[in-house]
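Notes follow once the structure below has been shown.
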Amino acid sequence: MKRLYLQEVATRDGFQNEKTFIATEDKIALIDALSQCGYAKIEVTSFTSPKAIPALRDAEAVMCGIRRQPGVEYTVLVPNVRGAERALGCDIDEANLVMSVSEPHNRSNLRMTREQSFAQLREVITVIGRGPVAINVSLSTVFGCPMQGDVPDDEVLHWVERFAALGVRGVTLCDTTGMAYPTQVQALSQCVRECFPDLQLTLHFHNTRGMALANTVAALEAGIDRFDASLGGLGGCPYAPGASGNVCMEDLAHMLELMGHDTGLDLARVLAASSRLPGLIGHDTPSQIIKAGRRLDLHPIPEHVHTLSRQMTHTERESA
Ligand code: COA
Ligand code: ZN
């Protein structure tokens, strides 16, 4: 049985895409419930500009309001030095820095060139220093950019290398808009693992084109043991309106458990937390397991089947 590490991103990657503002106390209550589910990490919120992402304008209140569960790491997204200073005031365990490996995507999402982003993130890394707060860098669009198309592997490796040289603990390979496919995932994951064996490597899939679970299996085959996913499959993709979001946490955990892996998760609690989402966000989620139930959540045999089998034994007795 392989120990896997699952990281919940619904309250950041998910909620940042919701149109309705979710009340601060509701966010805190949900995160407190998630803290009891067995996650390795929870991405709580994002310390971005409240103008850019109004849905997460209550980052301080949420981060300072949650009840910490020992053993769970609490991470937050940090785009710049201002965000780092705000986050450091809230006793975070990890800062998750973000930039895109695609020039047009970085310009569109962060309004900077990649070099400007790198310079800014290098400054963030200096501000956070080598203290108790760990640093992860999420690299967007590594499996394809909706404007540029494929990003060459060498270019992806180049950015991983530059951040590894700055001493970050981890790097996340993000399939930001669901362009990854399994053979590609396996090859790139294996390559990054072999080149950077000391990095904590996470894979982050979106299910935009329905390939996220297949991509996860491909990553597992390449030796990856750490995955981001989102409760209910929340999350969106601005380049594919209406498409489903991040890979759904309960769908992922359900599959991994069936495959015999130790996810650390209490799936019943995850499902209970997921069933709260429609009440918070005002619409259904793309979760399959919430709709269909777990594989062995069996249904009672319908009465007409009993009647039919009683009739059949009767007829058999008569003809005997
Ligand atoms: N926290 C709070 N406010 C911030 C901030 C932060 N981390 N970063 C910038 N601001 C504020 C500035 O104070 C400024 O406010 P003002 O207009 O009242 O003076 C305003 O935002 C603009 O600041 P500027 O430095 O010009 O940044 P920008 O407008 O180029 O924005 C980002 C840069 C990266 C902060 C912004 O684009 C952003 O947060 N984007 C969202 C990226 C993201 O999270 N995407 C999804 C995840 S991949
Ligand atoms: Zn994402």
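For the range 194-286, dividing the convex hull volume of the Cα atoms by the residue count gives 117 Å³ per residue. Per-residue surface analysis assigns H299 an accessible area of about 150 Å², computed on protein heavy atoms at 1.4 Å probe radius. With distances taken between every two different alpha-carbon atoms, the range 246-294 has a Kirkwood hydrodynamic radius of 11.3 Å.
Relative to the longest principal axis of the C-alpha atoms of the chain, give the angle of the C-alpha long axis of helix 212-221, reported between 0 and 90° and rounded to the nearest 10°. Helix 212-221 sits roughly 80 degrees off the main axis of the chain. Per-residue 3J(HN,Hα) values for the range 293-310, derived from phi via the Karplus relation 6.51 cos²θ - 1.76 cosθ + 1.60 with θ = phi - 60°, read x, 6, 3, 9, 7, 7, 9, x, 5, x, 4, 5, 5, 4, 4, 4, 6, 5 Hz in sequence order (x marks Gly and Pro). Solvent exposure of S102, expressed as accessible area, is near 0 Å², computed with a probe of 1.4 Å over the protein chains only.
Placing +1 on each Lys and Arg Cβ and -1 on each Asp and Glu Cβ, with no other charges, gives the range 5-319 a dipole about its Cα centre of roughly 620 debye. Across G235, G144, G178, mean-square fluctuation computed from a Gaussian network of the chain (C-alpha pairs under 10 Å connected) peaks at G144.
A simple spin-label model places the labels of R122 and D266 4.6 nm from each other, with each point 7 Å out along Cα-to-Cβ.
Only beta bridges with both residues in the chain are counted; by DSSP, about 5 percent of them are antiparallel. Only alpha carbons enter this Debye calculation for the range 5-319, each as an equal point scatterer, and the log10 of I(q)/I(0) it gives at q = 0.11, 0.13, 0.15 Å⁻¹ is -0.64, -0.89, -1.21.
Atom-type composition of the exposed protein surface of the chain places 53 percent of the accessible area on carbon and sulfur (1.4 angstrom probe).
One chain, two ends: M259 and R276. Fully extended at 0.36 nm per residue, the span grows by 3.4 nm beyond their Cα-Cα distance. Model label points for E303 and Y181, set 7 angstrom from Cα along the Cα-to-Cβ axis, are 5.2 nm apart. The heavy atoms of K2 offer some 70 square angstrom of accessible surface to a 1.4 angstrom probe. Which whole-angstrom value gives the distance between the alpha carbon centres of the range 244-272 and the range 1-54? That distance is 16 Å.
Note on the chain: GNM, Cα springs under 10 Å; of C145, C90, C248, the largest mean-square fluctuation is that of C90.
Rolling a 1.4 Å probe across the protein heavy atoms gives the chain an accessible surface of 45 Å² per residue.
The values are calculated or read from the model by the stated rules, or taken from the named source; none is laboratory data. Model, not experiment: these values are computed from the prediction. Please note: Cβ atoms are built from the backbone with ideal geometry, for glycine as well, and neighbour counts cover all protein chains shown. These accessible areas exclude ligands, DNA and RNA; they are computed on the full protein's heavy atoms, side chains included. Shrake-Rupley method; radii C 1.70, N 1.55, O 1.52, S 1.80 Å.
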